[in-house]
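Notes follow once the structure below has been shown.
Here, each number is a calculation from the coordinates, and none is a lab measurement. Model, not experiment: these values are computed from the prediction.
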Amino acid sequence: MKSARACAGSKSTTSSTDIYSSSVRLAAAFAAFGLWWGAWAASLPAVRRGVGATNAQLGVILLAVALAALPAMLLTGRLSNRAAPHLVWLTLAIFGVAGVLPAFASSRWLLFVFLLLAGAGSGALDVAINARANSLETVGSIRVMDGMHALYSAGVVVGGVGTGLLRRAGAHPSAILGGVCAVVLLVAAANARAAALPVTPVRQTALVGPLLVVGAVFAVSALLESGVEAWSALLLESGLHS
C-alpha cells in the first residue's frame, strides 16, 4: 500500500508537458532505431563483398547479432528500474557508437566481432525504449506503444530506401552508417534531457514459466525477422540485380 501511494503521488507530479516532451524524444529514438536497421540491411550486400563472405559464412556471421542481443536484453531488463532515467540515452549512445563499426570490417572475423557489439547495443536499446514507452503509458494514462512501433517501421523503410539511393549514387556503407549513427547520437543527447518518470514497483508473478515460453517465441520471431530483412536486400541485389 505504501509503495502504491508513493507511486500515485509521484504520478501526480509528472506534468502533461513532461509526458508530451518525453513522448516526442522517445518517438525520435524509435525512428532512429528503425533508420539504422533499414540502412544496415541495404548496406549488407556491399559489406558482404568487402569481407568476401559466402552465403554460408554470412549466415553464421549474422547470428552474432542474436547471440549478443539476447543477453543484453536480459541485463537491460534487470537494470530498467534502477537506471530508468538514464537508460534510453545511454543505450542510444552505446548503439550509436557500435552501429557504425560493421561498415569498417575488413575481414569476416572482424565483422562477426563488430556485429556482436552492434547486436548487444541493439538488444539493450530495444528493451530500454520499450520500457520507457510502457512507463509513459502508465504514468500519463496514454497509449503510445503502437505509434512508437509504427515510427520504427517508418524508420526502417526510410533507412532502406535512402541507403539504396545513396549507394546508387556511389556512397560507401561507412559514410551511410556513419551518418545514421550521428543521428542516433543526436537523439541520445535529446533523450538525456528527458524528464524522469516515477518508477513502477516491481511485482512478483507466478507466471514465470509461461512468460519464458512467450519470450522464447518472441526471440525466435525476432531472429527470423532480422534474417528476412537482411537476406531480402541480398536477394534483390545479388539475385535480381536491382
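What is the extension gain from THR138 to VAL60, computed as 0.36 nm multiplied by their sequence separation minus the C-alpha to C-alpha distance, in nm to one decimal?
24.1 nm
Report the Stokes-Einstein translational diffusion coefficient (µm² s⁻¹, integer) for region 20-97, Rh taken as the Kirkwood radius over Cα pairs, at 4 °C with viscosity 1.567 mPa s.
Values: Rh = 14.8 Å.
Rounded to a whole number, D works out at 87 µm²/s.
Using 0.36 nm times the number of residues separating ARG193 and VAL24, minus their current alpha carbon distance, what extension gain do you get?
Values: separation 169, 0.36 × 169 = 60.84 nm, distance 1.19 nm.
The span from ARG193 to VAL24 would gain 59.6 nm if fully extended.
Taking the centroid of alpha carbons for each part, region 38-72 and region 101-124 are 8 Å apart.
Compared with the alpha-carbon gap, the fully stretched path from HIS172 to VAL113 is longer by 19.2 nm at 0.36 nm per residue.
Return the equivalent ellipsoid semi-axes of region 74-192 as a descending list in whole Å, where each equals the square root of 5 times an eigenvalue of the C-alpha gyration tensor.
Numbers: eigenvalues 156, 66, 25 Å².
Equivalent-ellipsoid dimensions as semi-axes: 28, 18, 11 Å.
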